[in-house]
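The values are calculated or read from the model by the stated rules, or taken from the named source; none is laboratory data. What you see is a predicted model, and the numbers here were worked out from it, not measured in a lab. Every residue, glycine as well, gets a Cβ built from its backbone with ideal geometry; the counts of neighbours run over all protein chains shown. Side chains included, ligands, DNA and RNA excluded: accessible areas come from the protein's heavy atoms. Shrake-Rupley method; radii C 1.70, N 1.55, O 1.52, S 1.80 Å.
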Amino acid sequence: MKITSVQIRNFRGIKSLDLELGETTVLVGENNTGKTSVMDALRLCLEDIEPRNRIVFDALDFHLPTDSSEPTSTDPIEITVTFSERFKGEWGTKIERLVGEYRIIQWQLGDIKTIQLHLQCFYDSYNSEFVQTWSFIDQNGNKSDDIPRFVFAEFSQLFQYYYLGALRDAAQHFDESGPFWKPFLINSQLSKKNREEIESKLVEINDLIVASHASFENVMVRLRELQSLVLLAQDDVVSVDAVPSRMFDILSRAQVQIRSKTGAMIPLVRHGEGTQSLSVLMLFSAFFDSHSKSTIFLALEEPEAHLHPSAIRILWKILQTYANQRLISTHSGELLAEVDIHDIRRLSQSSDGIKVHQVPLGLLSREESRKFNSHIRRAQSGLLYARCWLLVEGETESWIYPSAALALGWNLHDEGIRIVEYQQSDIAMLAKIGDALGILWYCVGDDDENRKKVEKKLLPIISDRDLNEKMEFPYPNIETNLLQHGYDQVYAQYVTDLRLPKKSSDESGYWEEYAKSIPKRSKTKAAADVAVLMEDQGEAGVPPQIRFVLEKLRHISQGG
């Protein structure tokens with residue numbers, strides 16, 4: 001059994017969201033785009049499936065479309081989880097019995113059987129209370145009627161849903177009530193005879209410790225006076241347990257110790273947050289190995305929390321062995337560097353609400369996939385978190401545009417904009433990935449012989465759009481533009497007099513020749529110097545063409 005999709009309606013900031021799930025699904029996106037809401041919707045629907053009096057939602061879980069909306073008058077919360085066979089004939093007699101005896105709706109997609117679990121919560125104005133219902137529905141939303149309550153409980157036994165938040169406090173998870181630690185404490189394999197023998201020795205040890213502390217006797221004498229004040233046992237009314245005398249008391253106090261680099265054994269809860277976070281993940285893995293008897297679905301927020309980048313990449317390989325399905329949210333570029341692009345679901349805010357974006361199978365050619373893996377996934381995976389890409393030819397633009405934005409009083413990173421060089425990559429591949437993941441993009445290039453090559457690659461992708469909205473060629477080349485606007489003083493230190501062109505009556509032609517005289521190996525260093533000077537000069541130091549590009553880029557990144 002696997003979960004193939006979840007549909008969420010009117011839950012918190014989500015008006016309507018349809019999310020496809022694979023064996024591994026990784027959620028990315030800016031803050032407040034619904035990643036945690038998706039996980040909470042699944043948790044509320046799946047952790048405890050059984051109609052009951054306690055409402056799992058509260059009033060603020062309802063989607064409020066306007067500032068005057070009230071939970072009592074808004075549309076119902078609806079969460080639909082689709083379960084399917086992993087392969088034809090996977091479902092056994094237990095599901096078939098539930099389908100046959102209790103009329104759980106089951107339908108097929110090809111040879112694969114599917115069941116949809118539906119949770120709804122709404123305000124009943126007649127009774128002035130919130131009401132929630134679980135049901136099974138078909139692909140058209142028709143519900144199974146009169147399903148006995150225990151059927152939902154039986155269905156929930158076919159899988160286990162676990163959620164691990166970003167704050168993985170070892171003190172909480174390795175507590176006697178922790179859901180993953182508690183089973184190890186209560187699952188004793190001791191025979192009755194061995195348990196009694198151990199407890200007898202514990203009593204002897206405790207008596208020896210108490211006898212060695214004469215001060216305990218003074219306390220016990222005073223406490224025995226309670227017998228004259230309240231009704232207590234007749235004999236042995238007081239004891240001091242320096243050591244627990246019963247096995248379950250000992251196990252409830254079991255504490256994990258980890259040896260530090262110095263060799264000292266230190267309680268886990270006194271180690272750093274990274275070690276604690278990793279330990280909780282390893283505890284879940286041990287729980288999964290020892291206690292799992294059904295399908296495991298794990299929802300995990302920010303597995304990278306408190307971890308060094310190298311540890312994150314190693315952790316990902318371990319996470320792939322966890323559970324049958326994994327839903328993970330992350331802000332880590334290091335983790336995304338290890339993730340298959342088709343497993344990523346990017347959430348974004350739009351005027352129509354929160355949207356889900358993913359790269360469909362077959363979008364990239366084999367060569368495009370190789371370039372994506374080489375230039376983006378492994379080298380610059382953090383680009384997948386951007387709101388907007390400025391696609392530029394090379395390193396000079398990568399220096400100039402961020403500094404030009406700073407000179408104008410704003411920051412590319414603050415606006416969710418990242419610069420991507422396409423000269424050594426593939427402009428078409430970048431545009432395809434950006435469109436598929438809902439990342440806005442804007443291409444800037446030199447108005448030279450490369451322009452036709454860029455347009456030829458991009459036009460099939462943006463044929464239904466206004467070319468001017470996605471592409472700009474504002475200057476013959478960026479060095480010429482910078483020279484024309486007073487930065488020749490910077491470039492002069494990299495050009496020998498022998499290379500300098502003679503003055504021309506055609507000023508633009510002169511600066512084009514000047515730009516050609518700059519040694520290629522010096523262009524990046526010169527661009528870095530120009531960037532520093534441009535920031536110092538402020539707004540006045542930004543050439544009009546570059547300012548035009550930045551203003552348009554900012555407009556695009558803000559949804560304009």
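Where does the longest stretch of the chain lie that holds no chymotrypsin sites (Phe, Trp or Tyr not before Pro) found in a DSSP loop with 14 or fewer other Cβ atoms within 10 Å? Before the final figure, lay out the partial values.
Working: sites that count: PHE87, TYR126, TRP410.
That would be 127-409.
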At 1.4 Å probe size, what's the solvent-accessible area of THR80? Round to the nearest 10 Å². 10
Amide H contacts under 5 Å for ILE258, restricted to residues at least 5 apart in sequence or on another chain and with H modeled in the peptide plane, are ILE266, LEU268
Starting at the first residue of the range 507-514, write each ³J(HN,Hα) from the Karplus equation 6.51 cos²θ - 1.76 cosθ + 1.60 with θ = phi - 60°, in whole Hz, x for Gly and Pro. 4, 5, x, 4, 5, 5, 5, 4
For the range 419-488, treating each Cα as an identical point scatterer without solvent, what Debye log10 I(q)/I(0) comes out at q = 0.13, 0.14, 0.29 1/Å? -0.41, -0.47, -1.46
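Around LEU307, with a cut-off of 10 angstrom between Cβ atoms, what is the net charge of the other residues, counting Lys and Arg +1 and Asp and Glu -1?
Values: positive: ARG313; negative: GLU273, GLU302, GLU304, GLU334.
Local charge sum for LEU307: -3.
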So what is the 222 nm mean residue ellipticity for the chain from helices alone, if each DSSP H run of at least 4 adds -39500 (n - 2.57) and you divide by all residues, rounding to the nearest 500 deg cm²/dmol? -10500 deg cm²/dmol
When 1/r is averaged over all different Cα pairs and the result inverted, which Kirkwood radius in Å belongs to the chain? 29.1
Projected label distance in nm at GLU539 and SER73, using a 7 Å step from Cα toward the beta-carbon: 4.6
Heavy-atom SASA rank of SER5, SER215 (probe 1.4 Å, accessible area, largest first): SER215, SER5
Once both axes come from the Cα atoms, what is the angle between helix 309-319 and the longest principal axis of the chain, in degrees from 0 to 90, rounded to 10? 50
Per residue of the range 74-87, what does 6.51 cos²θ - 1.76 cosθ + 1.60 with θ = phi - 60° give for ³J(HN,Hα)? Whole Hz please, x for Gly and Pro, Karplus curve as stated. 8, 5, x, 6, 9, 10, 10, 10, 9, 9, 9, 5, 6, 8
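Count charges around ARG387 for me, please; just the other residues with Cβ under 9 Å from its Cβ, Lys/Arg as +1, Asp/Glu as -1.
-1
Residues of the range 1-110: accessible area per residue at 1.4 Å, in Å²? The partial results should precede the final answer.
Values: 5100 Å² over 110 residues.
On a per-residue basis, the range 1-110 sits at 46 Å².
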Gap in Å between the Cα centre of the range 92-119 and the Cα centre of the range 369-410? 48
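Mind putting a number on the dipole of the chain about its Cα centre? Charges go on the C-beta only, +1 for Lys and Arg and -1 for Asp and Glu, and I need it in Debye to the nearest 20. Numbers along the way, then the final one.
Details: 62 positive and 80 negative charges, 305 e Å.
Using only the charged Cβ atoms, the result is roughly 1460 debye.
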The helix 192-211 Cα axis meets the longest alpha-carbon principal axis of the chain at an angle in degrees, between 0 and 90 and rounded to 10, of 90
Selection from PHE287, GLY141, GLN484 lying farthest towards where the dipole of the chain points positive, charges on Cβ: PHE287
How tilted is helix 35-46 with respect to the longest principal axis of the chain? Cα atoms for both, answer in degrees (0 to 90, nearest 10). 30
Distance in nm between pseudo-label sites at ASP488 and GLN139 (7 Å out along the Cβ direction from Cα): 7.1
If ligands, DNA and RNA are left out, what is the accessible area of MET282 with a 1.4 Å probe, given in Å² to the nearest 10? 80
Rounded to whole Hz and in sequence order, give me ³J(HN,Hα) for the range 298-303 from the Karplus expression 6.51 cos²θ - 1.76 cosθ + 1.60, θ = phi - 60°, writing x for Gly and Pro. 10, 10, 10, 8, 6, x
Within-14-Å neighbourhood charge of PRO544 [Cβ basis; K, R +1; D, E -1]: -1
Taking protein heavy atoms only, a 1.4 Å probe, and rounding to whole percent, the accessible area of the range 428-545 owed to carbon and sulfur comes out at 47
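Taking R0 as 51 Å, what's the FRET efficiency between ALA153 and SER260 from their Cβ-Cβ distance, rounded to 0.05? Spell out each step's value before the answer.
Numbers: r = 46 Å, r/R0 = 0.89.
Working from the Cβ atoms, E equals 0.65.
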How do ASP497, ASP426 rank by accessible surface area computed with a 1.4 Å probe, from largest to smallest? ASP497, ASP426
Per 5 Å bin, what is the whole-percent P(r) computed from every C-alpha pair distance within the range 1-128? 2, 9, 17, 19, 18, 14, 10, 6, 3, 1, 0
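Of LYS371/LYS453; LYS182/LYS355; LYS15/LYS457; LYS453/LYS523, which sit over 28 Å apart, Cα to Cα?
Details: LYS371/LYS453 18 Å; LYS182/LYS355 39 Å; LYS15/LYS457 37 Å; LYS453/LYS523 23 Å.
Those over the limit are LYS182/LYS355; LYS15/LYS457.
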Working with all protein chains in place, sort LEU64, LEU391 by solvent-accessible area computed with a 1.4 Å probe, largest first. LEU64, LEU391
